[in-house]
Every structure is written in structure tokens, then in C-alpha cells.
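I have placed the structure first, in the form of C-alpha cells, so that the comments after it can refer back to it.
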Amino acid sequence: MKYSVKGYSIEIYPDDGFNLKNTFECGQCFRWDRQTDDSYFGIAHGKCLCVSASENRIILRSCSEEDYLTIWKDYFDLENDYNKIKREIEKAAPQLTEALKSIDGIRILKQEPWEALCSFIISQNNNIPRIKGIVQRLCEGFGSQTELGYSFPDADTIAKLTVEDLAPLRAGFRAKYIIDAAKKVSGGDVRLYDMYNMPIEECRYELMKIVGVGKKVAECTLLYGLHRMEAFPVDVWMRKALSSTFSGIDIEALGEYAGIAQQYIFHYTRQHPELLNTSN
């Protein structure tokens, strides 16, 4: 993807779509906040960034070329051609044609695996404002201070804590799951950072060793934290979509892009709830 350096900002020119709202507010991440000017501020990999859109450009403000090349280019998955991916999805599942046209510019972020695992443990039976609040308190309480915020605390740090230490987060029953996840990742019982290359069924098995991690949290961790785009998270809403509007979808046929197809199924059915057979 083409980019140019403009002072201490980077301008990128995506020709395959990059919609900030659709990417940052699709439920895959919890540390990006929309500002009054419709830009987004976030922290990832210990770095702060402000991102805005202008005509055919995405502008990364206060970003060096080195940080762009070593962090953000990969984080925003800018090497993948999402137009090509959508064509492959449509070829595998023609019934998704309308869904693929319904929303544009969703990119799957390459988040840090531990952050994704911990965040989706927190997401259980929760809403986005509360998830974001708990994540923010976790970072402020146990992360390292950056120039404009706090980094996400690593598993080794959290593994040394107790459920009582996490009481200020107001995470409820999720606190014991966070501690168990941290201990198993830190101690090597769950080989989180080997999961980039492990067979996906083995990854699912490993993740579900963690107390409180079921199929949905495991799939979200794989898709949003390890960029295993064949992962396919299913929640109550998705289950209804797959049993009604998209009952003929063969998830296996979607192959390596099932996770991206999932995003379009999810958003299309949210836009058209009248299509759901709510009796299922």
C-alpha cells in the first residue's frame, strides 16, 4: 500500500477500503476512542496513535516512518488486499453478495495476542462501554505509562496478582478468569505465542484450558489476536443469522477468510434484523 511521510505524520492511500468507524467500532478492539473531530485515538504495542480520514487518505498523526513500518503497517493489516479477499468470499459463498456490499472498509487488526485474550475474557456477558472501562482501569492500574496513556499489562505482571488485586477493575466474576489466563500463559501451560502456526483445532483446545474460556472467546482470540482469519466467532446474534438468513452458508468452504466473512454476516444482520427468524 502506498504511503508518504508528511512531517511527523504518515499518509496512507488504501485502494481496497479502510473505514475507521467500521474497523474500530465493529467489536474487535476496545482501546480505540472516537474523538470530537471523528478521528480515533488508541494505544497498541505500547504506542499511542491518532488516526483520521480525509478523502482518499488515512492520516496517522504523530507517527514516525519507523513506527509505521515496524508497528502500524502490520497492525492495520495493510499488506492484505481486502477487495481480493471479498471476491474470494463471494466466490465461495455467493449468497453473501449483498452482505459484502452492505458495509465497506472493515480490516481485521493484528492485535497483541495476550491483550486480545484478556479483553475477550472481559467481554463475556458485557457491553462495549463497560468492557472499555474495565480494560482502561486494568491498563491504568497495572500497565506502563506511555506519553499519552498506559500500555496493556503483560501476562507475567497479571499472573503475580490476586483476584482481590483486581477488585478496583469492577470486572466481577471475570477477575478469576483473567488471573487464571495470565498464570497459564505466563507459565507456559497455554502456548499462546505458538498459535500463529499451530493447527487451529489444537489452538482451540489450548485456549479452552483456561477457566472461563469457551468457544466464542477462543475464536475471538484467534481471529483478533492471532490473525487466524479462518476462525469464526459465533455469539447469539450470529447463531440466529446462521439459522435463518444465512442458513445455507458452508463455513468450511470460506476457508482462510471465514473470519472476515463473519464480520459481514454480523453487520448485515444487525442492519436488517427483520431478516432474522427470531424463533430459532
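Sorted from greatest to least, the principal axis extents spanned by the alpha carbons of region 145-260 come out as 48, 33, 30 Å. By the compact-protein rule of thumb, 2.2 N^0.38 Å, the alpha-carbon radius of gyration of region 86-187 corresponds to a ratio of 1.38.
In a reduced charge model with +1 at each Lys and Arg Cβ and -1 at each Asp and Glu Cβ, region 113-225 shows a dipole moment near 460 debye about its Cα centre. Every Cα-Cα pair of region 196-280 was included, and the share exceeding 17 Å stands at 49 percent. Our analysis of region 133-198 gives Rg over Rh at 1.01, with the two radii drawn from alpha carbon positions and Rh computed by the Kirkwood formula. Model label points for residue 15 and residue 56, set 7 angstrom from Cα along the Cα-to-Cβ axis, are 0.9 nm apart. Under the criterion of Cα pairs below 8 Å and six or more residues apart, the relative contact order for the chain equals 18 percent.
Projected onto their three principal axes, the Cα atoms of the chain cover extents of 52, 50, 35 Å, largest first.
Other residues within the sphere of radius under 15 Å centred on the Cβ of residue 61, judged by their own Cβ, net out at -3 (K and R +1, D and E -1).
Helices in the chain that qualify as membrane-span-like (whole DSSP H runs, Cα extent of at least 27 Å along the helix axis, mean Kyte-Doolittle hydropathy of -1.0 or higher) do not occur.
In region 193-235, the convex hull through the Cα atoms has an average projected area of 2.7 nm², a quarter of its surface area. Debye sum, Cα scatterers, region 3-79, no solvent: what log₁₀ I/I(0) at q = 0.11, 0.15, 0.28 1/Å? Here log10 of I(q) over I(0) equals -0.24, -0.46, -1.80. Taking GluC sites (Glu not before Pro) across region 1-80, the ones in a DSSP loop with at most 16 further Cβ atoms lying within 10 angstrom of their Cβ are 25, 55, 79. Here the relative contact order of region 12-82, from alpha carbon pairs under 8 Å that lie six or more residues apart, stands at 27 percent.
In the chain, the DSSP-assigned H stretches of four residues or longer account for a calculated mean residue ellipticity at 222 nm of -10500 deg cm²/dmol, using -39500 (n - 2.57) per stretch and the full residue count as denominator.
Please name whichever of 178, 111, 149 sits farthest to the positive end of the charge dipole of the chain, dipole taken about the Cα centre and charges placed at Cβ: Lys and Arg +1, Asp and Glu -1. Sorting the options by dipole projection puts first 178.
Its Cα centre serving as origin, the chain has a Cβ charge dipole (Lys and Arg +1, Asp and Glu -1) of approximately 740 debye.
Read-outs: derived from the displayed coordinates by stated rules, not from any lab. The model shown is predicted, which means the values in this text are computed figures rather than measured ones. Every residue, glycine as well, gets a Cβ built from its backbone with ideal geometry; the counts of neighbours run over all protein chains shown.
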